[in-house]
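These notes are about the structure you will find just below.
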Amino acid sequence: MITRFGFLVLCMATLGACSAFASDGSAGHFIDLAIREDIPEIVDVGPQPIRIAVAAVLSPSGNIRSYAGLAAHIGEKTGRPVELVQRRTYAEVNDLIAAGEVDLAFVCTSAYISGHDEGDMDLLVVPEINGATVYRSSVIVRSTSDARSIEDLRGASFAFTDPMSLTGRIYPTYTVQQFGSSPGSFFRSTAFTYSHDRAIEAVLSGVVDAAAVDDLVLSQMIESDPDLATRMRIIDQSPAFGIPPVVVPSSTVAAVRSLYEELLLNLHREPGGPAILDAIGVDRFVSGSDEAYEGAREITRAVGLGL
């Protein structure tokens with residue numbers, strides 16, 4: 001009786017004998033078991049980095065400086081390297097989230113509405129600033145301007161921040177639509193700055209007559225340089241909208257989502273946590289809900305993202 005092992009050896013021997021010579025008697029293909037090759041060494045590349053995307057609310061250098069401390073903290077707590085990722089537009093950040101190419105992201109409110117409604121991202125936490133989780137659009141002009149309302153800007157030059165920005169494009173566009181007009185016909189010219197600090201600078205330097213900006217960014221800039229308040233004037237403010245949230249890709253597993261949530265919710269209690277939060281202009285992170293974005297969702301849908 002031939003055992004299973006014996007059968008295997010017999011088959012291998014028969015195969016080797018049959019394949020050693022071709023039908024014409026010439027040498028054929030065979031496997032020489034005497035020849036050995038070392039298995040390539042497996043290189044340990046270390047843990048995969050956590051990639052954090054930051055929407056370009058500020059110009060790139062400002063974002064990198066502000067979020068460096070937070071990135072270092074998350075890296076220390078997870079034992080993994082952390083990479084900060086930034087793209088020129090909010091839409092590009094949304095694309096990274098949809099493709100699962102980032103693990104965590106700080107996004108604009110309208111970008112969140114778009115990504116959430118398309119099933120690409122979920123709200124993780126929201127920042128609390130000055131005891132609130134809302135923000136507004138502020139329409140600004142130079143202090144020497146005669147304009148006292150958005151309606152006075154007919155025929156003026158205007159700066160938007162990003163096509164997906166709630167405060168920097170969607171709100172002022174919605175307001176102009178209430179006058180039965182559109183930005184293209186209402187303003188003499190429009191331009192995109194792709195960050196709120198650049199839009200403020202464009203107004204102050206006279207590149208444009210007016211701009212719509214995130215009031216939180218505006219407040220931070222005035223706090224850093226009080227002279228700015230004497231050089232500009234706010235002529236319109238939007239209603240309160242849900243603040244730009246922190247999100248994760250919808251494909252994120254529950255355990256990882258809980259880890260990120262716990263890290264951020266407890267950051268203000270950590271040694272050095274308040275300084276990290278202060279660098280990004282946040283008091284602390286708190287739990288949030290999608291219901292807080294219904295007002296912003298309504299006007300975003302009315303205007304469209306303009307992509």
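Listed values, structure above:
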item: Long-range amide H partners of residue 190 with built H, under 5 Å; result: 158
item: Carbon/sulfur fraction of accessible area - the range 243-307, other protein chains in place, 1.4 Å, %; result: 53
item: By average C-beta atoms within 10 angstrom, highest first, the peptides 153-162, 292-301; result: 153-162, 292-301
item: Chain lengthening between residue 118 and residue 178 when straightened (0.36 nm per residue, less Cα-Cα); result: 18.8 nm
item: Two-site label geometry, residue 191 and residue 301: point separation in nm, points 7 Å out along Cα→Cβ; result: 3.6
item: Residue 269 paired with residue 291, simple spin-label distance in nm, labels 7 Å along Cα-to-beta-carbon; result: 2.6
item: Contour excess over end-to-end distance, with Cα ends at residue 149 and residue 250 and 0.36 nm allotted per residue; result: 32.3 nm
item: Distance histogram in 5 Å bins (all Cα pairs of the range 53-146, percent per bin); result: 2, 11, 19, 20, 21, 14, 6, 3, 2, 1, 0, 0
item: Estimated inter-spin distance, residue 130 and residue 65, nm [label 7 Å along Cα→Cβ]; result: 2.2
item: Potential extension, residue 257-residue 77 segment - 0.36 nm per residue separation minus Cα distance; result: 63.4 nm
item: Peptides ranked, highest mean first, by Cβ atoms within 10 Å: ranges 163-172, 259-268; result: 163-172, 259-268
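The values are calculated or read from the model by the stated rules, or taken from the named source; none is laboratory data. On a predicted model such as this, the values are computed, not experimentally measured, just so you know. All Cβ positions, even for glycine, are placed from backbone atoms using ideal geometry, and neighbour counts span all protein chains on display. Surface areas here come from the heavy atoms of the whole protein model, side chains and all, with no ligands, DNA or RNA. Shrake-Rupley method; radii C 1.70, N 1.55, O 1.52, S 1.80 Å.
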